[in-house]
Structure formats: C-alpha cells, structure tokens
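A.B. asks: My questions all concern the structure below.
The values are calculated or read from the model by the stated rules, or taken from the named source; none is laboratory data. All values derive from a computational prediction rather than experimental measurement. Cβ: placed from backbone, ideal geometry, glycine included. Neighbour counts: every protein chain shown. Please note that ligands, DNA and RNA were not included when accessible areas were found on the heavy atoms of the full protein model with its side chains. Shrake-Rupley method; radii C 1.70, N 1.55, O 1.52, S 1.80 Å.
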Amino acid sequence: MKALGKLKSQKGLWMYDPPKPEVGNNDILVKIKKTAICGTDLHIYNWDQWSQNTIKVPMTIGHEFVGEVVELGSEVKGLELGDRVSGEGHITCGHCRNCRAGKRHLCRNTIGIGVNRDGCFAEYLSMPAGNAFKIPESISDDVASCLDPFGNAAHTALSFDLVGEDVLITGAGPIGIFATAICRHVGARHVVITDVNDYRLDLARKMGATKAINVTKESVSQTASDLGMTEGFDVALEMSGVRSAFDDILSNMNHGGKIALLGIPSSEMAIDWNKVIFKGLFIKGIYGREMFETWYKMTSILQAGLDITPVITHNFKVDDFEEAFELMNTGHTGKVVLDWQ
Ligand code: NAD
Ligand code: ZN
C-alpha cells in the first residue's frame, strides 16, 4: 500500500510501499480518507533533536485522520464495516491503575500511533478497536481529520469553569485558535490570545478572540487594562511551550487563577515560583485527550454549531506532501489537511 514514512535519519519524508498492516482480533482496519498534519509530524519531517531521540526509522508517521472501517477483528464489538471513524492516537495499556480506574489519559504506558508505531499517513491503518471514535454524519471529513488537535484544545480549555471568565491563551497555533473558539462558545467573557505571528493572530480574531496581540509589539497587561480588567485573568491556557509566554501568564493572573499547560517546552524551563505561591495559583498539566469524554464533548460542541472550518486553511493531495510541509514551515498556515482518496 501507499504510505508516507520516515525512512532515513535526515530531513524529509518519503512515499513508500509497505505491506498492508495486519489486523489482530481486537483491531480494526481503517481505509484512510483524509489526514491532518500535526506540529509533531513537522518536527519529524524537519528531524529535530526530539525526533532523532524518539523516532525509529523506517516508520509510517501521522496520527490525525478520518477513514472508513473496512475490516473487523474477530473480537470487535460496537463497530461495523463502513463506519466512518477517527480515533485516539494514544494506545493505553489497560492494566495500570489509571487505566483500570477509567482514567486512560493518565496511563503511564501510553504508546503513540505514528510516533512509537506505524501511523495513519497511509492507505490503511490498523489500530485497537477501542481507540476508534465513530463520527456523526453532520461532521465533515476535513473537520473529522482534525479532531485530535481539536481534542487537545477541548481537554485543556474544558479543564476549568469558563462561564463569564476572562481567559488568556498564549500561542495561536491551531490548538490555541481552537481553544479560543471553544472558550467563546462555552461563555467566557474576554479571550485574549498572544503570539508572535500576525497571520495566526488574524485567524484567532476570526475565531472569536476579544483581542489577539503580537507580544513583540503589545503587552498583555496593557491589553487587559484597555479591556477594563482590573484584577487579572481568571484562567490561562499555555499553548506555545515558550518561557516568555508562561511569564506573561504568571504576571497577569488574578490571585487564585487557574492555569493549564499544554505547550511543550523544548528543554527544562525555570519560572518565577513566587508568583505561583503568593498568588495561590492552580496549575494543571495536560497530555492528550480524555478517553473518551473529550471526544464526546468536542463532537457535541461541533453539533451545537461551532464552526472550526476557518482554522483549516490548506488542503493538499497527499502526493504534494512536500509542498504542504514546507508551507507549514513558513508559519503561514492553520491546519493543513492531506487527501488520500
Ligand atoms: P504550534 O507550534 O503550531 O503553535 C505554537 C505557537 O506559539 C506558534 O504559533 C508560535 O508562533 C507561538 N509562539 C512562539 N513564541 C511565542 C510567545 N512568546 N508568546 C506567544 N506565542 C508564541 O503548535 P500547536 O500544534 O498549536 O500546539 C501547541 C503546543 O502544544 C505546542 O507546544 C505543542 O508541542 C504542544 N502540544 C502538546 C500536546 C499535549 O498533549 N500536551 C499535544 C499537542 C501539542
Ligand atoms: Zn495504562
């Protein structure tokens, strides 16, 4: 079958022809319709230090997808041939304490599709049936291919009560922009988002940000005061992985504020712990999506009318993958979708 893999330990990806994956008793085979490119895939394409330490070549990459179930393992229940599915890219062990408690997102033995085992940038993906999520008809293939990052945004944003709250989001990548839309949808008052990239800040404005500010030109504190906020932000979502962005959060939180951290710093990161202590801040780390509460919530939010299609800025035929990855490297993209049909 056709697949996009990391075949050599150097920059790039290669179209190749691995055998169709095997389907175990508890697995399904998905014929891929569309896939979206994650920042992680871009790291693997660019072959940065993290990828060199993590990815074993040769391997098919990719974990954001939508497709159709074309084969069912003998033990699979609750799915049928022809079902349109996306799925959770984190395969959990099922026997650790958290898995047994139904808190699969906290499994300590998680394996990543397209990171630790073959991924979805292929004609066919085999995965545990328990990781699939059936897509309601009203959700388009393009949107369904982006449920994984939309789920990161939903898991992070829905960690706290947002109704009537003032929210600061640092990082207007696709996930920060998705989170902006969710915060407004569920009833936040002001949503201020920061970045250093004007293209992405424009997109965040389109998705409902009260203010989208370029921190190289404007400050968060001035913006808050212009909005009439006298006591600081109630909630912050860190979605850049950048130290100065975290500093912006710590300096601008109200006392007792709640912070969720999704952005992954590239190395150890020092912060001003005095601000955390004396402001009585609450900090929560976020990894992945809750299985499967986040998936139910996010599909319900879409069905309730939130339109995230403006965040999907580019579509490519999969054969033009190189152009797609290089465009992402320019930073002038929201989500980029690859068509496998
Ligand atoms: P992205 O790289 O597209 O977006 C990050 C954004 O931060 C970029 O637009 C960048 O310009 C911006 N930025 C850079 N410096 C900044 C600054 N000083 N202030 C504010 N913004 C700044 O990434 P994404 O796909 O939207 O993901 C967001 C973050 O979440 C990344 O760090 C990613 O690695 C991480 N992530 C974590 C998980 C998880 O499970 N914890 C899952 C997916 C992604
Ligand atoms: Zn587990």
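A.B. asks: Can you tell me how much longer the chain between residue 243 and residue 17 gets when fully stretched, taken as 0.36 nm per residue apart minus their C-alpha distance, in nm with one decimal?
C.D. replies: Working: separation 226, 0.36 × 226 = 81.36 nm, distance 4.17 nm.
Net length gain for the segment: 77.2 nm.
A.B. asks: Another question, if that's okay. How big is the charge dipole of the chain about its Cα centre, in debye rounded to the nearest 20, if each Lys and Arg gets +1 on its Cβ and each Asp and Glu gets -1 on its Cβ?
C.D. replies: On the way: 34 positive and 42 negative charges, 151 e Å.
It works out to roughly 720 debye.
A.B. asks: Under a 5 Å amide H to amide H cut-off, with H placed in plane at 1.01 Å, what residues pair with residue 191 once short-range neighbours are removed?
C.D. replies: 167, 210, 211
A.B. asks: What does the charge count near residue 276 come to, summing +1 for each Lys or Arg and -1 for each Asp or Glu among other residues with Cβ under 15 Å from its Cβ?
C.D. replies: After counting each charged neighbour, the total is +1.
A.B. asks: Putting +1 on Lys and Arg Cβ atoms and -1 on Asp and Glu Cβ atoms, find which of 116, 329, 196 reaches farthest to the positive end of the dipole of the chain.
C.D. replies: 116
A.B. asks: So, one more: For region 67-84 and region 191-205, what is the separation of their C-alpha centers, rounded to whole Å?
C.D. replies: 40 Å
A.B. asks: Can you pick out the pairs among 31/284; 31/103; 2/103 whose Cα atoms lie more than 32 Å from each other?
C.D. replies: 31/284; 2/103
A.B. asks: If you restrict to DSSP beta bridges whose two residues both lie in the chain, what percentage is antiparallel, to the nearest 5?
C.D. replies: Just about 50 percent of them are antiparallel.
A.B. asks: Aspartates and glutamates within cross-link reach of residue 206: Cα-Cα under 17 Å, excluding same-chain residues under 8 positions apart?
C.D. replies: 195, 198, 307
A.B. asks: A further question follows. If we count trypsin sites (Lys or Arg not before Pro) as exposed when they sit in a DSSP loop and have at most 10 other beta carbons within 10 Å, what is the longest stretch of the chain that avoids them all?
C.D. replies: Values: sites that count: 56, 77, 108, 217.
The segment 218-341 is the longest one with no such site.
A.B. asks: Only loop residues by DSSP count here, and only those with at most 12 other Cβ atoms within 10 Å; note down the GluC sites (Glu not before Pro) in region 267-308 that meet that. Mind dumping the intermediate values first?
C.D. replies: Values: sites: 268, 290, 293; in loops: 268, 290.
Qualifying residues, ordered by number: 268.
A.B. asks: Out of the GluC sites (Glu not before Pro) in region 68-147, which ones are loop residues according to DSSP with at most 11 other C-beta atoms within 10 Å?
C.D. replies: 75, 80, 137
A.B. asks: Sticking with this structure for a sec: Find which of 309, 341, 257 sits farthest along the positive direction of the dipole of region 255-341, computed with +1 on the beta-carbon of Lys and Arg, -1 on that of Asp and Glu, about the Cα centre.
C.D. replies: 257
A.B. asks: Oh, and also: Could you name the lysines in cross-link range of residue 279, using Cα to Cα under 17 Å and dropping any fewer than eight places away on the same chain?
C.D. replies: Cα-Cα hits under 17 Å: 258.
A.B. asks: At 222 nm, what helix-only mean residue ellipticity would the chain give, in deg cm²/dmol to the nearest 500, using -39500 (n - 2.57) for each DSSP H run of four or more?
C.D. replies: Roughly -8000 deg cm²/dmol at 222 nm, from the helical runs in the chain.
A.B. asks: Along the positive direction of the dipole of the chain (beta-carbon charges: Lys, Arg +1; Asp, Glu -1; about the Cα centre), which of 168, 286, 55 reaches farthest?
C.D. replies: Farthest towards the positive pole: 286.
A.B. asks: Which percent of the accessible area of the chain is formed by carbon and sulfur heavy atoms (probe 1.4 angstrom)?
C.D. replies: 48 percent
A.B. asks: How many percent of all Cα-Cα pairs in the chain sit more than 37 Å apart?
C.D. replies: Details: 9704 of 57970 pairs.
Percent of Cα pairs beyond 37 Å in the chain: 17.
A.B. asks: Give me the Kirkwood hydrodynamic radius of region 168-234 in Å, from all C-alpha pairs, to one decimal place?
C.D. replies: Mean inverse Cα-Cα distance, inverted, gives 11.6 Å.
A.B. asks: Hey, got the dipole for region 48-179? About the Cα centre, +1 on K and R Cβ, -1 on D and E Cβ, debye to the nearest 20? Numbers along the way, then the final one.
C.D. replies: Numbers: 10 positive and 17 negative charges, 165 e Å.
Rounded to the nearest 20 debye, it is 800 debye.
A.B. asks: Also, I was wondering about something else. Taking every pair of Cα atoms in region 83-145, average 1/r, invert it to obtain the Kirkwood radius, and report Rg/Rh to two decimals.
C.D. replies: 1.01
A.B. asks: Over all pairs of distinct alpha carbons, what does the Kirkwood formula give as the hydrodynamic radius of region 37-103, in Å?
C.D. replies: Its Kirkwood hydrodynamic radius stands at 15.0 Å.
A.B. asks: Can you give me the accessible area per residue for the chain, using a 1.4 Å probe, in Å²?
C.D. replies: For the chain, the per-residue accessible area is 44 Å².
A.B. asks: Any idea what the dipole of region 244-341 comes to, in debye rounded to 20, about its Cα centre with Lys/Arg Cβ at +1 and Asp/Glu Cβ at -1?
C.D. replies: Dipole size: approximately 680 debye.
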